[in-house]
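Below is one structure, written out as structure tokens; comments come after it.
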Amino acid sequence: MRSGILPEGYKAKYILKDVLSGIIVALVSIPISMGYAQISGLPMIYGLYGSLIPILVYGLLTTSKDFVFGVDAAPAALTGGLLASLQIVSESEEAVRTVPVITLCVAVWLLIFRFARAGRAVKYIATPVMGGFITGICIEIILIQVPKLFGGAPGTGELTELLLHIWEQLPAFNPASFALGIATVVIILTARRFIPKLPMSVVMIAIGAAITVYTPITSAGVKLLPSVEGGLPLPKPFIFDLGTMPDILIGSLTIALVIMSETLLASRQNAINDGYDLDSNREVLAYSIANFSASVLGCCPVNASVSRTSIVRQFGCKSQIMSVSASISMAVILLFCTGFIGYLPVPILTGIVVAALLSACEFHLAGRLIKCSKKDFLIFIAAMAGVLLFGTIYGVLIGVILSFISVIISNITPPRSFMGVIPGRDGFYSLKRNKNAVPVKHAVIYRFGGNIFFANVDTFVSDIENAIRPDTKIVIVYGSGISSIDITAADRLKALREKLAKRDIFFFMTEHDGEVNDELRRYGAGELVTLGNVRLTVDTAFRAAHIHAPYEYDTPENDQSVTEESNNAAATLLGGHNAEIEWAFGNEAPAIKDRLLRSIIENLSKNGQVTTIDDLVSIERRSSWGRLSYTDEDEILERLEEYLKNEPDSKILKDIDIEELTTLIDKRRKVIREHLL
């Protein structure tokens, strides 16, 4: 967390880059903030005012290193919608009086959120929700901007309204505008890939002004930003209309919720990516005071700008010196450079915004999720679609609800497995993840990786009952993942114990948190405790059933979890050692072993002649996995022997003495077996 305006470890060499980032923010804010001011119902100049003091206040108070604050899409659109519901004409005198009151109420709500510590709730929003939310916001703003690319007017509303608006604006399509806008997007995205340090957004602004001066683009129908009067803003008095205040209070609450959720979600994601923490309470306070300053200047509500933040991150911004620089730059623009604004082509400036938003979309996260977790991918899509179809608040709510449903489903079906022993080694191991583990004779050892409650106790009981064989004498629950049960689970555990007792099968719960024993007594299943059906360890449970180590093991005919090959290996070779690769990679273990073999063969080729066992071991340890367990090393060396036998003429082995290498492998495997036996 940063101390003051500079983060910990800040270096003087970053200052110039941060100052430049602030200048870029001010320049890019000209078209963005002016357009959003219009959407909110204010004259365009108020957008520039909103990019003067609020960004400075936020920069001085925030714990974010690089987030940009100012006039932005969601609050502007909500404010414009609230004015429409009050039947106030956009950009009228009444609108100019009402909007600052809305902003003031937003600031008050945010201050209430600060003291209620409402910002903490954002910590419980999962990464797929945040990614989908940010992507939805970016796509929505892009759709708002699309008509401006081809000469039309920006839209408002959600996805269907925005698409309809784009269709309605097609008669205003101007080829020259569209060419300039699309070219700007392509140039910026291409430059970002090949020359990322070049501030192409600023370059395109300069190019746009030059095109206006030296070419007849206005004759071709390309729109320019309107000229505005210069000068710094003065504080404005608040004029309250008691008749509209109830509606304003309700509407401003929604706007405040949007500002808090959108800004906290987006800035927290950046902080996570950069490896530092945000102070949520201080952040919400910064939002509140920034909106107070905006209301005094007559502006619409302000919040985080994902698009402008994306721009400054591309230029390596390291601190909120950027916000100070942006505020000073906007002051200079308002005092001396407002005439320059009238030379800027709308499609070029819109293309700058669209390019920034495309970069801010979390499509890369969606790609990761679709590969590793279809469930989280659907949550991402749902949050994104919720924002686009129903608005910011509903998008977040949909994502959060789906996240909690996902958590519930995960708890209903926690990881679970049957366990056995590895001959010669202490402890108990998953039969599925450890190929050298074998079942204990006459025993079912069942690991349940979560708390037991009404929604999953049926799964718990049925797994155990289905695993019982005619010769089973003992059932042991390996409960290291169990820290709580409910009354339904207590009743079912009691019934399961009684059912197994009638079949002369011992039942024990072991390794669980001691609180579970208190819950068993509290929920009416205390006899499991008093009769000794709960034990501290699996070993003590076995002793209570008069079964002592070393445990007999077998591979029942109906148990497919342990193959004949793995059982033979356990019985004859692997005393006291495990196969780590199976444990680490599960079903992917065979492919991983193939990669390891290729890696070792490539290292053989690079190193040339291998003359000692130490040379061989050194090559193995430079593989992609590193030092292998004895069991895995033995298997890989066996595979290497097969390769040498079957591919002696391989180009990779052209400098290798095959016979000598085979001899070294045999010697090394004898050493391994001495360790294993």
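The values are calculated or read from the model by the stated rules, or taken from the named source; none is laboratory data. Remember, it's a predicted structure, so these values are computed and weren't measured experimentally. No Cβ is skipped: glycine too gets one built from the backbone with ideal geometry, and neighbour counts run over all protein chains shown.
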Subject >> Residue that is farthest from residue 409 (Cα to Cα), among those in the stretch 435-479 that are among the polar types (S, T, N, Q) and touching an Asp or Glu at 6+ places or on another chain (Cβ under 9 Å) >> reply: 436
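If you go through the stretch 626-665 one residue at a time, how many are outside any helix (DSSP H, G or I) and either of a type in the set (Ser, Thr, Tyr) or within 15 Å of residue 601 (Cα to Cα) (or both)? Reasoning before the result, please.
Step one: list which residues in the stretch 626-665 are outside any helix (DSSP H, G or I), which gives 626-629, 647-650, 654-657.
Those left that are additionally either of a type in the set (Ser, Thr, Tyr) or within 15 Å of residue 601 (Cα to Cα) (or both): 626, 629, 647-650, 654-657.
Residues that pass the stated criteria total 10.
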Original post:
Would you pick out the residues in the stretch 614-645 that are at pLDDT below 75 and closer than 12 Å to residue 666 by Cα?
Top reply: 616
Subject >> Conditions (1) assigned to a helix (DSSP H, G or I); (2) within 19 Å of residue 303 (Cα to Cα); number of the one not met by residue 19 >> reply: (2)
Original post:
Which of (1) part of a helix (DSSP H, G or I); (2) surrounded by 13 or more Cβ atoms within 10 Å (Cβ to Cβ); (3) not acidic (Asp, Glu) is the odd one out, the single condition residue 153 does not satisfy?
Top reply: (1)
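Would you check if residue 228 is touching a strand residue (DSSP E or B) at 6+ places or on another chain (Cβ under 7 Å), farther than 22 Å from residue 290 by Cβ and buried (at least 17 other Cβ atoms within 10 Å of the Cβ)? Please lay out each step first, then the result.
Working: touching a strand residue (DSSP E or B) at 6+ places or on another chain (Cβ under 7 Å): no; farther than 22 Å from residue 290 by Cβ: yes; buried (at least 17 other Cβ atoms within 10 Å of the Cβ): yes.
Here the answer is no, as residue 228 does not meet what is asked.
A quick yes/no check of all residues on (1) modelled with pLDDT of 85 or more; (2) outside the structural domain of residue 143 (by TED's automatic domain parsing); (3) outside any helix (DSSP H, G or I):
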{"residue": "380", "(1), (2), (3)": "yes, yes, no"}
{"residue": "386", "(1), (2), (3)": "yes, yes, no"}
{"residue": "394", "(1), (2), (3)": "no, yes, no"}
{"residue": "425", "(1), (2), (3)": "no, yes, yes"}
Original post:
Which of the residues spanning the stretch 450-472 are surrounded by 16 or more Cβ atoms within 10 Å (Cβ to Cβ) and assigned to a loop (DSSP other than H, G, I, E, B)?
Top reply: 450, 451, 453, 456, 472
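Return the residues of the stretch 240-295 that are of a type in the set (D, E, K, R) and at pLDDT 85 or above; say none if nothing qualifies.
Initially, the stretch 240-295 is screened for residues of a type in the set (D, E, K, R), giving 241, 247, 262, 268, 274, 277, 279, 282-283.
Residues satisfying the conditions are 241, 247, 279, 282, 283.
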**OP:** Taking only the stretch 202-252 into account, find how many residues are assigned to a loop (DSSP other than H, G, I, E, B) and of a type in the set (Gly, Ala, Ser).
**Re:** 5
**OP:** Write out, first by first residue and then by second, each pair whose Cβ atoms fall under 6 Å of each other, whose residues are 6+ apart or on separate chains, and whose first residue, in the stretch 106-129, is within 16 Å of residue 407 (Cβ to Cβ) while the second is at pLDDT below 75.
**Re:** 125/400; 126/403; 129/399; 129/403
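Return yes or no: is residue 529 under 36 Å from the mean Cα position of the chain (by Cα), modelled with pLDDT of 85 or more, assigned by TED's automatic domain parsing to the domain that holds residue 476 and more than 30 Å from residue 423 (Cβ to Cβ)? Steps first, answer last, please.
Numbers: under 36 Å from the mean Cα position of the chain (by Cα): no; modelled with pLDDT of 85 or more: yes; assigned by TED's automatic domain parsing to the domain that holds residue 476: yes; more than 30 Å from residue 423 (Cβ to Cβ): yes.
So residue 529 fails the test.
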**OP:** Just give me the residues in the stretch 149-165 being under 32 Å from the mean Cα position of the chain (by Cα), closer than 19 Å to residue 38 by Cα and free of Cβ contacts under 8 Å to residues at least 40 places away in the same chain, in sequence order.
**Re:** 155, 161, 162
**OP:** Hey, can you tell me all the residues within the stretch 332-353 that are surrounded by fewer than 17 Cβ atoms within 10 Å (Cβ to Cβ) and closer than 23 Å to residue 56 by Cβ?
**Re:** 332, 335, 336, 337, 340
Original post:
Which of the residues belonging to the stretch 443-465 are in contact (Cβ under 8 Å) with a residue 12 or more places away in the chain and hydroxyl-bearing (Ser, Thr, Tyr)?
Top reply: 446, 459
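Of these, 445, 547, which one is more than 30 Å from residue 589 (Cβ to Cβ) and either crowded, with 19+ Cβ neighbours inside 10 Å or assigned by TED's automatic domain parsing to the domain that holds residue 420 (or both)? Step through it out loud before you land on a result.
Working: 445 fails: more than 30 Å from residue 589 (Cβ to Cβ).
Among 445, 547, only 547 is more than 30 Å from residue 589 (Cβ to Cβ) and either crowded, with 19+ Cβ neighbours inside 10 Å or assigned by TED's automatic domain parsing to the domain that holds residue 420 (or both).
Across the stretch 116-150, which residue is modelled with the lowest pLDDT among those that are over 30 Å from residue 373 (Cβ atoms) and surrounded by fewer than 22 Cβ atoms within 10 Å (Cβ to Cβ)? If you could, list the steps in order and put the result at the bottom.
Of the residues in the stretch 116-150, the ones over 30 Å from residue 373 (Cβ atoms) are 116-117, 144-150.
If we keep only those that are surrounded by fewer than 22 Cβ atoms within 10 Å (Cβ to Cβ) as well, we get 116-117, 146.
Working: 116: 89, 117: 86, 146: 90.
Only one residue fits best here, namely 117.
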